[in-house]
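Below is one structure, written out as structure tokens; comments come after it.
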Amino acid sequence: MALDGISIHALVHEFNQNLLNGKINKISQPEREELLITVNTPEGNKRLLISANASLPFMYLTSDNKPAPATAPGFCMLLRKHIGAGRIIEIVQMGLERAVRFKIQHLNEMGDITFKYLYVEIMGKHSNIIFCNEDNMILDSIKHIPSSVSSVREVLPGRDYFIPTQEGKINPLEATEDFFKSTVLKKSDSVFKAIMSSFIGISPTIANEICYRAGIDSDVSNASLFDEHKDRLYKEFASIIDDVKSDRYYYNIIIDSATNKPVEYAPLKLSMYADMQSKELNSFSEVLVEFYAKRNAYTNIHQKSADLRKIISNHIERASKKLDLQLKQEKDTAKREKYRIYGELLHTYGYEAKQGDKSITVINYYNNEELTIPLDVDLSPSENAKKYFDKYAKLKRTAEALETYIAQSKQELELLQSIEASLSIAETETDLSDIRRELIDHGFIKKHTGGKKEKSKKSKPLHFIDDNGFDIYVGKNNYQNDELTFKFATGNDWWFHTKKIHGSHVIVKTNGKELPDSTYEYAAELAAYYSSGRDSDKVEIDYLQKKNVKKPASSVAGFVVYYTNYSLIATPTLEHVKLVSEE
């Protein structure tokens with residue numbers, strides 16, 4: 001979700017706890033539409049990161065520093081001049097709008113105390129950071145908005161600052177029960193749309209949460225509600241508003257267990273995601289940092305792996321076409337036995353053929369049935385027999401060669417599909433480097449020569465601890481799979497892998513202990529999650545002790561064989577394990 005009025009309310013509460021009365025000692029502008037303000041407080045320096053980026057606007061406290069450009073932009077220089085040593089004496093939200101006002105006290109050129117206002121508006125593509133004097137006149141903004149862009153409000157130096165009103169909407173913190181029931185629930189609309197169109201600062205997520213808590217379908221019409229439904233809706237609405245008024249927050253991120261990707265966040269408990277994993281954090285800034293960091297990391301890796309995905313996809317398509325052609329050719333060679341029999345029967349019965357005969361019908365002594373053999377009228381029976389033997393010999397040689405080629409093509413396709421599966425679970429640039437190295441080693445990518453050779457850092461397998469305290473390791477590519485299974489694991493450790501589909505090798509270290517039944521299930525869930533079956537509801541997993549897993553000589557990395565194993569059905573999830581380290 002985007003930051004809504006309730007989220008901003010939670011942030012203002014957090015800012016007041018951490019920044020109020022703090023002294024600004026550094027202002028930088030790391031990106032064109034971004035500010036990083038360092039504030040000195042009794043608890044140490046605090047960093048406030050603000051972004052007015054149209055696609056990803058946010059504001060939160062962070063422990064991370066960001067490098068500033070060598071030459072500060074004009075807006076940053078103006079802030080440094082006026083409030084570079086100022087003190088934050090007030091932080092307020094404008095109603096329940098997505099706008100925050102920082103009141104800053106500082107000394108002017110004459111040494112007199114004066115005040116400035118820094119407004120932060122988190123409003124999607126209209127987001128902005130606006131600097132005003134004590135009379136609310138705009139001194140400058142990080143984005144200038146002339147009348148040619150907006151007929152509602154100009155944001156330019158010299159203009160008065162104001163927030164455009166939202167017609168027909170009121171602050172939910174001021175709403176009464178009578179207004180809710182007689183106005184909001186009287187609209188000729190669905191419950192969800194009625195709440196959204198009536199209140200400032202309530203996002204679709206919160207509107208849906210109110211309906212869910214009340215046990216009402218958010219898409220039902222207001223006209224279909226009975227009094228008891230209205231009572232429940234108001235009760236849940238009032239409960240949420242009371243939590244906001246009292247600053248009772250529950251900072252949580254909702255994570256899709258199937259993909260381990262964050263899907264939603266809020267400063268209030270989101271009961272409607274009961275089927276997903278809820279992760280509680282200590283502050284709303286932590287929620288935003290983790291949510292956007294994970295989203296950005298996933299997006300960045302997806303973008304950086306685009307070239308590899310295309311290379312692998314092209315090679316898979318090429319290998320599949322080659323294999324299909326070879327299988328078709330192999331099918332064609334199956335008729336070679338017919339030509340051998342023709343030759344043998346012509347040697348036996350050829351004397352019966354008359355000159356000019358286009359065929360001869362004889363008894364096939366292999367099945368005692370009549371068989372008609374086509375003849376070349378320009379050749380003698382023995383020459384026709386030799387012609388069929390030559391065809392047989394040629395097809396036999398082709399079949400023998402195809403047997404080798406098909407095995408190689410299948411192995412190549414299997415290898416490419418396993419690398420594709422590794423790419424789908426890659427999470428870091430080091431993972432991508434390992435995959436690129438494997439493609440180079442197998443000749444799918446040309447190795448660049450010349451220039452300074454850099455020693456690439458190898459990534460390490462994922463290390464988890466399950467709910468029972470057992471260490472579980474997951475290979476993220478074929479090289480890691482080999483390393484885990486044949487160098488890291490000992491004979492009595494347990495080995496898990498998806499059945500007949502590509503996936504990671506998963507090792508459970510026993511350390512001489514007996515595994516509880518649930519650990520087998522947790523390891524199987526990991527094997528299912530880190531496989532090409534991740535999006536399936538159920539995946540079949542093979543498992544056995546490592547000592548029974550063998551690697552054929554000269555086989556490619558990641559390829560193993562085993563002959564005795566157990567199997568179970570698992571759901572792809574990370575619910576029962578905790579990641580220890582990724583590198």
Flagged in the stretch 217-265 as on the phi > 0 side of the Ramachandran plot and surrounded by 17 or more Cβ atoms within 10 Å (Cβ to Cβ), in numbering order, are Asn260
When (1) under 22 Å from Asp434 (Cα atoms); (2) touching a helix residue (DSSP H, G or I) at 6+ places or on another chain (Cβ under 6 Å); (3) not aromatic (Phe, Trp, Tyr) are applied to Thr573, the one that fails is (1)
Go through the stretch 150-159 and give me each residue that's in a loop (DSSP other than H, G, I, E, B), modelled with pLDDT of 90 or more and closer than 30 Å to Met196 by Cβ. Arg153, Glu154
Run Leu79 past the list (1) surrounded by fewer than 19 Cβ atoms within 10 Å (Cβ to Cβ); (2) outside any strand (DSSP E or B); (3) touching a strand residue (DSSP E or B) at 6+ places or on another chain (Cβ under 8 Å) and report the number of the one that doesn't hold. (1)
Please go through the stretch 529-543 and pick out each residue that is at pLDDT 95 or above and either of a type in the set (Ser, Thr, Tyr) or within 12 Å of His505 (Cα to Cα) (or both). Ile541, Asp542, Tyr543
Inspect all residues belonging to the stretch 426-433 and state whether any of them is outside the structural domain of Ala528 (by TED's automatic domain parsing), acidic (Asp, Glu), in contact (Cβ under 8 Å) with a residue 24 or more places away in the chain and assigned to a helix (DSSP H, G or I). yes
Consider Val580 carefully, then state whether it is farther than 26 Å from Asp275 by Cα and out of contact with any Pro (no Cβ under 6 Å at 6 or more places or on another chain). no
Please go through the stretch 300-334 and pick out each residue that is touching a helix residue (DSSP H, G or I) at 6+ places or on another chain (Cβ under 7 Å) and not in a helix (DSSP H, G or I). Ser305
Is at least one residue of the stretch 388-402 assigned to a loop (DSSP other than H, G, I, E, B), basic (Lys, Arg) and surrounded by fewer than 17 Cβ atoms within 10 Å (Cβ to Cβ)? no
Criterion first (within 21 Å of Ile89 (Cα to Cα), free of Cβ contacts under 8 Å to residues at least 40 places away in the same chain and not acidic (Asp, Glu)) does Leu118 satisfy it? yes
Would you pick out the residues in the stretch 323-364 that are surrounded by 11 or more Cβ atoms within 10 Å (Cβ to Cβ), more than 60 Å from the chain's Cα centre (by Cα) and among the charged types (D, E, K, R)? Glu344, Glu352, Asp357
Checking Ser313 against (1) hydroxyl-bearing (Ser, Thr, Tyr); (2) surrounded by fewer than 17 Cβ atoms within 10 Å (Cβ to Cβ); (3) over 25 Å from Phe444 (Cβ atoms), the condition it does not meet: (3)
Mind telling me which of the residues Ile8, Ile27 ends up being in contact with an Asp or Glu (Cβ under 9 Å, 6 or more places away or on another chain) and of a type in the set (Val, Ile, Thr)? Ile8
Consider Leu3 carefully, then state whether it is crowded, with 21+ Cβ neighbours inside 10 Å, part of a loop (DSSP other than H, G, I, E, B) and in contact (Cβ under 8 Å) with a residue 40 or more places away in the chain. yes
In the stretch 365-387, which residues are more than 25 Å from Lys331 (Cβ to Cβ) and either outside the structural domain of Glu330 (by TED's automatic domain parsing) or surrounded by fewer than 13 Cβ atoms within 10 Å (Cβ to Cβ) (or both)? Asn368, Glu370, Asp376, Val377, Asp378, Leu379
Looking only at the stretch 406-426, and only at residues there that are surrounded by fewer than 16 Cβ atoms within 10 Å (Cβ to Cβ) and of a type outside the set (S, T, N, Q), the one that is nearest to Tyr349 (Cα to Cα): Ala407
Conditions (1) crowded, with 18+ Cβ neighbours inside 10 Å; (2) in contact with a Pro (Cβ under 7 Å, 6 or more places away or on another chain): number failed by Pro30: (1)
Counted residues, the stretch 35-48 - those being within 35 Å of the chain's Cα centre (by Cα) and surrounded by fewer than 21 Cβ atoms within 10 Å (Cβ to Cβ): 4
Could you list, in sequence order, all residues of the stretch 163-199 that are buried (at least 17 other Cβ atoms within 10 Å of the Cβ) and within 17 Å of Asp243 (Cβ to Cβ)? Pro172, Leu173, Ala175, Phe180, Ile195, Phe199
Taking Leu11 as the residue in question, decide whether it is of a type in the set (A, V, I, L, M, F, W, C) and over 24 Å from Glu264 (Cβ atoms). no
Any idea which of Ser518, Ser531, Ser554 is of a type in the set (S, T, N, Q), surrounded by 21 or more Cβ atoms within 10 Å (Cβ to Cβ) and not assigned by TED's automatic domain parsing to the domain that holds Gln277? Ser531
For Phe75, the lone unmet condition from (1) over 29 Å from Ile200 (Cβ atoms); (2) touching a residue at least 40 places away in the same chain (Cβ under 8 Å) is (1)
Which one of these is in a strand (DSSP E or B), under 16 Å from Leu79 (Cβ atoms) and in contact with a Gly (Cβ under 6 Å, 6 or more places away or on another chain): Ile104, Ile138? Ile104
Tell me whether the stretch 423-437 contains one or more residues that are closer than 20 Å to Ser555 by Cα and not basic (Lys, Arg). yes
Do you know which of the residues in the stretch 468-484 that are crowded, with 21+ Cβ neighbours inside 10 Å and in a helix (DSSP H, G or I) is farthest from the chain's Cα centre (by Cα)? Leu484
Of all helices (runs of 4 or more DSSP H) completely enclosed by the stretch 160-251, which ones contain at least 1 residues that are among the acidic types (Asp, Glu) and assigned by TED's automatic domain parsing to the domain that holds Tyr273? 177-182, 204-214, 227-245
Over the stretch 42-63, the set of residues out of contact with any Leu (no Cβ under 8 Å at 6 or more places or on another chain), of a type outside the set (S, T, N, Q) and not in a strand (DSSP E or B) is Pro42, Glu43, Ala52, Ala54, Leu56
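The values are calculated or read from the model by the stated rules, or taken from the named source; none is laboratory data. Computed from a predicted structure; not experimentally measured. Cβ: placed from backbone, ideal geometry, glycine included. Neighbour counts: every protein chain shown.
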